[in-house]
Amino acid sequence: MTYLAGKADKTETPAQKRRRLKAKAEAKKKTPKGGDQKKVPVKRPGRPTMFSAEVADEICERIADAESIRSICLDSKMPAKRTVFYWLAQAEMDNASEELVLFLHQYAHAHEAKADTLVDQIGEIHQKAWVPVMIKDAPLIVDGKVIMTVDRASAAAVKLEADNKKWMAEKLAPKKYGAKQSLDLTSGGKRIKNDWHIHPVTADKHGES
């Protein structure tokens with residue numbers, strides 16, 4: 001005789017009743033409670049791998065703002081660093097698309113702009129070394145202006161940071177920020193002799209020499 005688990009049959013025998021109750025108990029064990037149900041994890045979108053002009057523009061903008069490519073690629077919304085380098089490598093191929101070639105040029109110009117940003121930051125960094133002259137826990141003010149002085153404790157750290165940014169700017173844009181070459185005054189391979197003489201000049205009481 002067939003029966004449904006959980007429903008009693010008027011003609012069921014004691015043995016069938018025991019099997020029915022046993023099947024009902026086992027079915028109850030297998031059914032999870034509302035609070036015990038496992039949550040299905042939401043699949044989040046991964047990092048972009050296909051080239052996108054929008055993503056490429058954001059990468060170049062952040063580079064121009066002096067952010068490193070490593071820092072940019074740590075952003076979960078940005079492609080991995082190897083993906084960016086793959087795009088750049090593809091841009092140098094003969095069959096590269098116009099978008100990839102444009103990205104290659106934007107990437108180069110972004111690093112030149114990064115050099116300008118670093119130079120601007122050097123001026124801001126130097127301001128960190130200046131602190132107000134304090135007299136009795138109050139800043140010294142003369143003619144309505146706060147008198148500033150160099151804080152020796154932070155001057156060394158400021159100089160190191162500024163030198164690092166200067167070095168990076170020289171590497172990124174050597175034609176613009178590289179060290180100037182010294183002039184070598186020669187004539188036929190021989191150095192020009194300097195025959196100039198400087199004569200001291202004194203001023204009389206009336207300010208005439």
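Just one of Ala115, Ala91 is within 30 Å of Lys175 (Cβ to Cβ), free of Cβ contacts under 8 Å to residues at least 40 places away in the same chain, out of contact with any strand residue (DSSP E or B) (no Cβ under 8 Å at 6 or more places or on another chain) and surrounded by 12 or more Cβ atoms within 10 Å (Cβ to Cβ); which is it?
Ala91
I'd like the full set of residues that are of a type in the set (Phe, Trp, Tyr) and free of Cβ contacts under 8 Å to residues at least 12 places away in the same chain, limited to the stretch 64-88.
Selection gives Phe85, Tyr86.
Which one of the conditions (1) at pLDDT 95 or above; (2) over 16 Å from the mean Cα position of the chain (by Cα) does Glu99 fail to meet, given that it meets all the rest?
The failed condition is (1).
Looking at the stretch 138-156, which of the residues that are more than 13 Å from Gln127 (Cβ to Cβ) and part of a loop (DSSP other than H, G, I, E, B) is nearest to the chain's Cα centre (by Cα)?
Ile147
The values are calculated or read from the model by the stated rules, or taken from the named source; none is laboratory data. Just so it is clear, the model here is predicted, and its values are computed rather than measured. Here the Cβ is made from the backbone with ideal geometry for all residues, glycine too, and neighbour counts use every protein chain on show.
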